[in-house]
Every structure is written in structure tokens, then in C-alpha cells.
Amino acid sequence: SQKIEQNSEALNIQEGKTATLTCNYTNYSPAYLQWYRQDPGRGPVFLLLIRENEKEKRKERLKVTFDTTLKQSLFHITASQPADSATYLCALYNAGNNRKLIWGLGTSLAVNP
Amino acid sequence: SQTIHQWPATLVQPVGSPLSLECTVEGTSNPNLYWYRQAAGRGLQLLFYSVGIGQISSEVPQNLSASRPQDRQFILSSKKLLLSDSGFYLCAWSPGHAGGSPLHFGNGTRLTVT
């Protein structure tokens, strides 16, 4: 069956360290993979999109990698800050799946001062 | 710049009552529009999406319906709410010209059916 998985356990890290979140998928061949941030009681906010032919994408302190062989995307936040504490969602766009986004359940990140 | 407005922010309704949630987008034309529901531990569930006025695709059979009376207006409705309709409802838009485009979400409506 097709599925997309993110770390189910909350990630706690110390301020200044690098946070790494994982998104794994099976039985998809995504054209794109997207990462979103969601704060409690708010809608998700788009962060980064990476295409299947891209290995890495960066935006300020954020970095996303995409390994289509491992069927995995890693999301890194360098020099993490308490303000980075949120839930991070990955979503993949599979052109064969009626062109809809498939969502992971998200990973909660807490950055401790 | 584009903005999306969704209201109300919170809503408490009795079982059997009707529902109407509204979403409007500004600063873009012919967007794709979406209604999602997010329940604890279940992630984002796509309920409806629309690629144009009057064009609605339903993803999950249920007692909810959606309408798009204007290009940038999307409405989620129910004639009679069930307890199971409680949840966090999110409206989103994306550019209409390309699949896989990022979604831009509103701030959601927390619906509690009592």
C-alpha cells in the first residue's frame, strides 16, 4: 500500500543545534515534495518545495534533501531557535494520484532555550 | 499580495444544525480551492477541491457539501451536523495553472458539534 511516514515522536533539541526531521514514503514516485510548518490552532505554512530531479534545496536556515532511491526527504533547521518550535508536515505530489497532495502526519519539534 | 480569509475561527453547533463555513481569496484569479479537515492523529484529509466556478470534486462521502459561487469564494456546508463532523477545517488555495504548487492555507475553523 502507499504511505508517507514522519517521525511520530516529538523531537526535542537544544537551541543552536541542528534539527533533522525525516519523511519516508513507499509505493509513490513523487514529482515534488513539500514541507510545511504548522503552529497550534493555525493553518500550515509552506516552507520549501523540492523536485524529484533536485538533491537539495536551501532557504536561509532551512535545508531539504530528496533521495528518490531511499524514498526519503530530510528537513534540516540549522542554528535552531525556540521560535522554530512547531509541527512540521511533509507532503508529496504524485502525478499519478489524481494530482493531489499526500500528507504525512507531521513531527512536533521543540527547541529548548 | 495574495491573502486568504476564513471564518469563523471557532464554532460550536448542536447535532442536527446546519453549517456554513466561508473562505475567500484575494489577490489572485482562477485559483484552485480546497477544503481540508484535520483531526488529531489523523493528519490532513482532503474533503473537496475546485478548479473553477461551479466545479467541485468530492473526495470523501459524507454529509458535507461545497460550493464555489464566485471565482474566489469557497463555501463548506452541511444540512445536519453529526458529532463526527467536529474538527479543524482548513481552506486553502493554489495557483490554478500547475499541479504540485504549494498550498496557502487560511487559519482554520475549529468546529465543535455538541
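List of remarks:
- Among the residues listed as A:Thr65, A:Thr69, the single one being without any contact (Cβ under 8 Å) to a residue 60 or more places away in the chain and either assigned to a loop (DSSP other than H, G, I, E, B) or within 13 Å of chain B (Cβ to nearest Cβ) (or both): A:Thr69
- Of the residues making up the range A:69-94, those that are in contact with a Pro (Cβ under 8 Å, 6 or more places away or on another chain) and at pLDDT below 95 are A:Leu92, A:Tyr93, A:Asn94.
- Annotation note: Cβ proximity below 6 Å between a residue of the range B:18-47 that is at the interface with chain A (Cβ under 9 Å from one of its Cβ atoms) and without any contact (Cβ under 8 Å) to a residue 12 or more places away in the chain and a residue that is surrounded by 12 or more Cβ atoms within 10 Å (Cβ to Cβ) and in a loop (DSSP other than H, G, I, E, B) (sequence gap 6+ or interchain) occurs for B:Gly43/A:Leu105.
- Screening A:Leu21, A:Leu33 for residues that are more than 10 Å from chain B (Cβ to nearest Cβ), crowded, with 17+ Cβ neighbours inside 10 Å and touching a Phe, Trp or Tyr at 6+ places or on another chain (Cβ under 8 Å) leaves exactly one candidate, A:Leu21.
- All positions within the range B:72-96 that are in contact (Cβ under 8 Å) with a residue 60 or more places away in the chain and part of a loop (DSSP other than H, G, I, E, B): B:Lys79, B:Lys80, B:Leu81, B:Leu82, B:Pro95, B:Gly96
- Test: residue in the range B:49-61 that is within 23 Å of B:Leu11 (Cα to Cα), crowded, with 20+ Cβ neighbours inside 10 Å and either within 14 Å of chain A (Cβ to nearest Cβ) or among the hydroxyl-bearing types (Ser, Thr, Tyr) (or both): yes
- Answer residue from the range B:77-101, given it is touching a Lys or Arg at 6+ places or on another chain (Cβ under 9 Å) and either within 14 Å of chain A (Cβ to nearest Cβ) or within 19 Å of B:Glu26 (Cα to Cα) (or both) and is surrounded by the most Cβ atoms within 10 Å (Cβ to Cβ) among those: B:Leu90
The values are calculated or read from the model by the stated rules, or taken from the named source; none is laboratory data. All values reported here derive from a predicted model rather than from experimental measurement. Neighbour counts run over all protein chains shown; Cβ positions are idealised from the backbone, glycine included.
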